[in-house]
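Here's the structure, in structure tokens; my notes come after.
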Amino acid sequence: MKFTYVIAFFSLLFLLYSCGSKDAARQGENPKADTIFVEDFVAKGEVKIVEPVIDEQVLVLEKNGIRLTEIKSENIRDATIALDTKKFKEGKNHLNFTVKEIQKYSIAYLANNYSLSQFKADVFDVEFMYGNNVFLAFLTDEGDISIKTNKGSVLKNAVLGGVESLFDMDQSHLFYYLPQAETAAPILDFYLVNTSIAEGGNKVIVSINETEFIINKWTAYKIGGLKNGENTVRIQLLDKNNNLIEGPFNDSGERKFLLTPNA
């Protein structure tokens, strides 16, 4: 199964734009849960984060000189993030979050699983476009590791312009987080929604410089054995039969990152 980064790019375009000829027919339909139409916020349900089990084992995977080593993080279960902003519009939007039960943290903000911003403040501005604006905001600890809990994340879809929602909140979704464009200490981290991974069940396939790893444990991993310079990573969410699970973000496409020397 060979995809290219183009697939991920067109998945993004598919989410952002809707077919105008369908707009009039869609106006009388009921909105989906957790969907925002124009400036109306409708929240009739919550997505599910299957929180990973904490154990003492440190998982290490190694192949072709590349090594993934599990990072043990606290995954602060009491940490809570909530979105207070209720109305949205095309253009600049002022997002206001309330964060509790955690001291040293950042908010990672993923827009359409494509662009990442990280904020130390609970209030910040973002840009929304006409159409579907899927955003995942989650807490990260002081080491920038994602907090993988129900209370530690917010997933919404702001649908603007009276078009239909193209994102199914009830499906299983995989969001790409780390590594980003440039790093001296690469870490693999991702976010799962409405699904879990386990041996014999769903899994995440990680390809680093075309070396493939099967990930059955949702955690962050330190990436070792890479050479300085450009490297590639790709993550995919597969079912127990090794089929790609349907969803716009479940194949990240090939992402490039630059490994820089330690200072």
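We did not get these values from a lab; they are worked out from the coordinates using the rules stated. Small disclaimer: the values here were computed from a predicted structure and weren't measured. So basically every Cβ, Gly included, is an ideal-geometry build from the backbone, and we count neighbours across all protein chains shown.
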The answer for the net charge of residues other than Ala198 whose Cβ lies under 10 angstrom from its Cβ, with Lys and Arg +1 and Asp and Glu -1, is +2
Ranked list, fewest to most other Cβ atoms within 10 Å of each Cβ, for Leu110, Leu237: Leu110, Leu237
What does the charge dipole of the range 120-263 about its Cα centre add up to, to the nearest 20 debye, if the Cβ of each Lys and Arg holds +1 and the Cβ of each Asp and Glu holds -1? 360
Within a 10 angstrom radius of the beta carbon, how do Val50, Val126 rank from fewest other beta carbons to most? Val50, Val126
Sorted by mean Cβ packing within 10 Å, highest first, what order do the peptides 135-148, 82-95, 219-232 take? 135-148, 219-232, 82-95
Cβ crowding within 10 Å averaged over residues, with 159-167, 53-61 ranked highest first: 159-167, 53-61
Any of Lys100/Lys203; Lys151/Lys240; Lys100/Lys148; Lys104/Lys148 with alpha carbons more than 25 Å apart? Name them for me. Lys100/Lys203; Lys151/Lys240
Roughly how far apart, in whole Å, are the Cα centres of the range 56-86 and the range 131-192? 14
